1. Six or more apart or on different chains, Cβ atoms under 9 Å: show the pairs whose first residue is in the stretch 213-226 and in contact (Cβ under 8 Å) with a residue 24 or more places away in the chain and whose second is of a type in the set (Gly, Ala, Ser) and within 13 Å of the ligand (Cβ to nearest atom).
2. Evaluate the stretch 68-78: report whether one residue or more is buried (at least 16 other Cβ atoms within 10 Å of the Cβ), in contact with a helix residue (DSSP H, G or I) (Cβ under 7 Å, 6 or more places away or on another chain), of a type outside the set (A, V, I, L, M, F, W, C) and not assigned by TED's automatic domain parsing to the domain that holds MET204.
3. If ALA160 meets every condition in (1) in contact with a Ser or Thr (Cβ under 6 Å, 6 or more places away or on another chain); (2) among the aliphatic types (A, V, I, L, M); (3) in contact (Cβ under 8 Å) with a residue 40 or more places away in the chain apart from one, which number is that one?
4. Consider only pairs whose beta carbons are under 6 Å apart and that are at least six residues apart or on different chains; among these, list those whose first residue lies in the stretch 197-208 and is at positive phi and whose second residue is modelled with pLDDT under 95 and within 14 Å of the ligand (Cβ to nearest atom).
5. Name the residues in the stretch 230-249 that are within 14 Å of the ligand (Cβ to nearest atom) and either assigned to a loop (DSSP other than H, G, I, E, B) or in contact with a Gly (Cβ under 7 Å, 6 or more places away or on another chain) (or both), would you?
6. With respect to ILE252, determine if the residue is within 16 Å of the ligand (Cβ to nearest atom), surrounded by 22 or more Cβ atoms within 10 Å (Cβ to Cβ) and not assigned by TED's automatic domain parsing to the domain that holds HIS47.
7. What are the residues in the stretch 142-200 that are acidic (Asp, Glu) and either touching a Phe, Trp or Tyr at 6+ places or on another chain (Cβ under 6 Å) or assigned to a helix (DSSP H, G or I) (or both), if any?
Amino acid sequence: MKIYLNGKFVHKSEAKISVFDHGFLYGDGVFEGIRAYNCLVFKLREHIERLFESAHSIMLEIPLNRDKCIAAVVETLKANNLKDAYIRMVISRGEGDLGLDPKKCYGKPTVIIIADKVSLYPEKLYKDGMEIITVPTVRNVPEALNPQIKSLNYLNNILAKIEASNCGYEEALMLDHLGYVAECTGDNIFVVEKGELYTPPQCMGTLRGITRDTVLQIARKMKIPTHEHVLTRHEVYNSQECFLTGTAAEIIPVVKVDGRKIGAGLPGKITQLLRSEFKKTTKTEGVKYTL
Ligand code: PXG
């Protein structure tokens, strides 16, 4: 495996960064998780745009422009001869001293791109649906660390993941500090109620997921009414369908939340329709490359 590291390709075993990199010391940096489907990088421009937005918020200057970032992702896929892949792009603050102050980082920001085979939830979960559980850890408060910043500090989500995993669940439902539904540790959440689609608004402590936005676009095209609306657990428990969205998971049905059966306890009709439309989109849209 060849890793893109600051403009060069290096073997996995040589892809190393300094212990003084603030990305490592403090989680000071930003990242994106991107996917390629059959030589098409899905929503690559949107991912790069979100990366730049996250970086702008933390006052981190990415040492490449948007087009160069896109080219670097494509080059990494080619270098690894991958048609289908999960891509991780990471920009960290770079080397500094042991203090917090990013101004004292003397190095350039570190740029890393890893392209690997996709590891997914087991197929059975897509067929039968997933059970999730609400966890005690609430999603970061936007005024402290805005969940829209896809930062390298993912401890909030990791704590939630540990809590879910300790109880035997694959994914956790996270509430915001007011008790409203926010999102899951690495996925956005949707519910279907009377044939209409609901997802929490991005200002409510959620990441503006690119899969989430794609699902909203697809639903609008299919004339399914969509709402970005605050949700309580009561609405989730009493919805007819529920599913999660994310780059890695795509669209995964949820059939039980906190022990409450959702609808008939099976993946819903609208969920399945959106899933098949989403699959079509990944086959036709994206930045094309050849191996
Ligand atoms: N919410 C959060 C908190 C995320 O980290 C999503 C929603 C979905 O966004 P996209 O743009 O992918 O539709 C994410 C996705 C994982 C993992 O292992 C997921 C993410 C990042 C790192 C790991 O599931 N991000």
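The values are calculated or read from the model by the stated rules, or taken from the named source; none is laboratory data. Values in this document were obtained by computation on a predicted structure and should not be read as measured data. Using ideal geometry, Cβ is built from the backbone for each residue, glycine included, and neighbour counts are taken over all protein chains shown.
1. Partner pairs satisfying both residue conditions: VAL215/GLY209.
2. no
3. Every condition holds for ALA160 apart from (3).
4. Listed by first residue and then by second, the contacts come to GLY205/PRO142.
5. Result: THR245, GLY246, THR247, ALA248, ALA249.
6. Considered against the rule, which asks whether it is within 16 Å of the ligand (Cβ to nearest atom), surrounded by 22 or more Cβ atoms within 10 Å (Cβ to Cβ) and not assigned by TED's automatic domain parsing to the domain that holds HIS47, ILE252 comes out as yes.
7. Keep residues of the stretch 142-200 that are acidic (Asp, Glu), which gives 143, 163, 170-171, 176, 183, 187, 193, 196.
Correct list: GLU163 only.
Matching residues to (1) crowded, with 17+ Cβ neighbours inside 10 Å; (2) of a type in the set (Lys, Arg); (3) at positive phi:
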{"residue": "ASN38", "(1), (2), (3)": "no, no, yes"}
{"residue": "VAL41", "(1), (2), (3)": "yes, no, no"}
{"residue": "LEU44", "(1), (2), (3)": "yes, no, no"}
{"residue": "ILE48", "(1), (2), (3)": "yes, no, no"}
{"residue": "GLU53", "(1), (2), (3)": "no, no, no"}
{"residue": "ILE62", "(1), (2), (3)": "yes, no, no"}
